[in-house]
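The next block holds one structure in the form of structure tokens; read it before the comments.
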Amino acid sequence: MEFIDIIDFIGTFAFAISGIRLAAAKNFDWFGAYVVGFVTAVGGGTLRDVMLDMTPFWMEHVSYVVITALALVFVIIFRRHVVRLDNTFFIFDAVGIALFTVVGVEKSISAGFPVWVNIIMGTITGAAGGMFRDIFINEVPLIFRKDIYAMACLAGGAVYYLCLWTGLPTVATEIVAALSVFLIRVLSVRFGISLPSLKSIEQDGRNDA
């Protein structure tokens, strides 16, 4: 097993927990929570693989089905702590997007696509699962709010290539790129950094008044 596979499995577990945690907070049953967790964990990678004209990764390995089940068991056992603590969702989500960004970039590189496509595929892998999760639980996706979410993934992809160009070993590159996504996401929330909202003409008129 390569280091990137370990990153993939950890990211799957973390992202599945983020989805199951939100589903539990909305009183979904176990099956519904599992579905939300699974879609969160594999949604971005599935969209990536379809766009790259590949068989979705989870259809070739049962590991992702099992890891999501383990995430469900984890939430059930530690529900009192996982569901009640607001920061548990944020931490697992931040870990998920960080690790999946790296996985997405490398998957696209192995398919022979150029740099700009690889960074976009890393962003899709990191951010799209959370988008599907939010749609499933009837929330406005984080990716469409002011939060630094997909932008953190884009930055992580750029950092990945910066590390490669400086000659950093592959494992170190993966770690640094993932950490950059995680830190950008955490620090942007900690210090209230966000993208400006695109306001409607009506809102601008009211503000001017």
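Based on this model, can you work out whether L168 counts as farther than 16 Å from G96 by Cβ and modelled with pLDDT of 95 or more?
On the way: farther than 16 Å from G96 by Cβ: yes; modelled with pLDDT of 95 or more: yes.
For L168, the condition - farther than 16 Å from G96 by Cβ and modelled with pLDDT of 95 or more - is met.
Step by step: first the residues of the stretch 185-209, then only those that are within 30 Å of A98 (Cβ to Cβ) and charged (D, E, K, R), then the one that is modelled with the lowest pLDDT. Which residue is that? Walk me through it before giving the result.
Within the stretch 185-209, the first condition is being within 30 Å of A98 (Cβ to Cβ), and the residues that meet it are 185-198.
Applying the additional criterion that residues be charged (D, E, K, R) yields 185, 190.
On the way: R185: 95, R190: 90.
Only one residue tops the list, namely R190.
Could you tell me whether the stretch 28-48 includes any residue that is in contact with a Ser or Thr (Cβ under 9 Å, 6 or more places away or on another chain) and not in a helix (DSSP H, G or I)?
no
Please enumerate the residues belonging to the stretch 1-18 that are among the hydrophobic types (A, V, I, L, M, F, W, C) and in a loop (DSSP other than H, G, I, E, B). Even if it seems obvious, please write down each step before you answer.
So in the stretch 1-18, the residues among the hydrophobic types (A, V, I, L, M, F, W, C) come out as 1, 3-4, 6-7, 9-10, 13-17.
M1, the sole residue that qualifies.
So, of the residues in the stretch 1-39 that are of a type in the set (V, I, T) and farther than 20 Å from S110 by Cβ, which turns out to be surrounded by the most Cβ atoms within 10 Å (Cβ to Cβ)?
First pass over the stretch 1-39, keeping only residues of a type in the set (V, I, T): 4, 6-7, 10, 12, 17, 20, 35-36, 39.
Then drop every residue that is not farther than 20 Å from S110 by Cβ, which leaves 17, 20, 35-36, 39.
Values: I17: 29, I20: 34, V35: 17, V36: 27, V39: 20.
Residue satisfying both the conditions and the ranking: I20.
Only one of these conditions is not met by F182: (1) loosely packed, with under 12 Cβ neighbours inside 10 Å; (2) at pLDDT 95 or above. Which number is it?
Against the list (1) loosely packed, with under 12 Cβ neighbours inside 10 Å; (2) at pLDDT 95 or above, F182 comes up short only on (1).
The values are calculated or read from the model by the stated rules, or taken from the named source; none is laboratory data. Because the structure is a prediction, the values reported are computed rather than measured. Glycine also receives a Cβ, built like all others from the backbone with ideal geometry; neighbour counts cover every protein chain displayed.
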